[in-house]
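Engineer: Supplied in C-alpha cells, the structure appears directly below.
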Amino acid sequence: EEQEEDVLRDLRLFLRYVTESLAQDRRFKAFAKPVDTEEVPDYTLVVKAPMDLSTLLTNIDEQKYVTVDEFVCDADLIWKNALEYNPDSDPMDRHIRHRACALRDALRSIIRAELNEGFQRACEEIRASR
Ligand SMILES: Cc1noc(C)c1-c1cc(NS(=O)(=O)c2ccccc2)cc(C(=O)O)c1
C-alpha cells in the first residue's frame, strides 16, 4: 500500500545516491559501463554474471531491489568479476584488482555511514510480505 511505496521510493533514492557516488570517482571509471566484449572478446567466457554501475542504475529504475542486501549482491559482482577476470601478477591485472578492492571498500563504507537500521528493517519486512 502507500506506506510500502513510500519506503521503496526512499530505497531507490538511497541506492541511486550510493551508485552515483561511486560512479563519480575516477578510480572506478572502468566499472561505470559494461566491459566492452569487442575489446575483451573472452570476457563472457570467464565472467558469467557481468555487472557495472550503469546497469545498477537501470536495475534501480526498474524497481528490481526491495532491500539494500539485494542491491549489494549485484554491486559486489562488479569487483568480484574484476578479481576473477584479472588474476595475474602483471601490472595491468594488479592495477584493476587494486581498483576492485577500493570499490568493495567504498561501497560498504558509504552504506554503513548512510543507512538507517530501521529503514533497512522496513525494507526487509516488505520483502518478507511479498
Ligand atoms: C572492468 C574490467 N574487468 O576486466 C577488464 C579488462 C576491465 C576493464 C574494462 C575497461 N573498459 S572497456 O571494457 O570498455 C575497455 C577494455 C579494453 C580497452 C578499452 C576499453 C577498461 C579497463 C581499464 O583498466 O581501463 C578495464
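Engineer: Angle between the Cα long axis of helix 91-114 and the longest principal axis of the chain, 0 to 90 degrees, nearest 10?
Structural biologist: Tilt relative to the chain: about 10 degrees.
Engineer: On to the next question. Quote the FRET efficiency, to the nearest 0.05, computed for Cys101 versus Tyr17 with a Förster distance R0 of 22 Å and r equal to the Cβ-Cβ distance.
Structural biologist: The formula returns an efficiency of 0.50 here.
Engineer: What number, rounded to the nearest 500 deg cm²/dmol, is the helix-based mean residue ellipticity at 222 nm of the chain, given -39500 (n - 2.57) per DSSP H run of at least four residues and division by all its residues?
Structural biologist: When only DSSP H runs of four or more count, the value is -22500 deg cm²/dmol.
Engineer: Among residues other than Ile60 whose Cβ falls under 14 Å from its Cβ, what is the net charge (Lys/Arg +1, Asp/Glu -1)?
Structural biologist: Residues near Ile60 contribute -3 overall.
Engineer: Then there is this: Report the extension gain between Gln3 and Ala49 in nm, rounded to one decimal, defined as 0.36 nm multiplied by the number of residues separating them, less their alpha carbon distance.
Structural biologist: Value of the extension gain: 13.2 nm.
Engineer: Using only Cα atoms, tell me the angle between helix 68-85 and the longest principal axis of the chain; keep it within 0 to 90° and round to the nearest 10.
Structural biologist: The two axes meet at around 0 degrees.
Engineer: Over all distinct Cα pairs, what is the inverse of the mean 1/r for the chain, reported as the Kirkwood hydrodynamic radius in Å?
Structural biologist: Final number for the Kirkwood radius of the chain is 15.7 Å.
Engineer: Under the definition of Cα pairs under 8 Å and six or more residues apart, what whole-number percent is the relative contact order of the range 14-54?
Structural biologist: Reported as a whole number, the value is 41 percent.
Every number here is computed from the coordinates shown, using simple stated rules; none is lab data. Quick caveat: nothing in here was measured; it's all calculated off a predicted structure. So basically every Cβ, Gly included, is an ideal-geometry build from the backbone, and we count neighbours across all protein chains shown.
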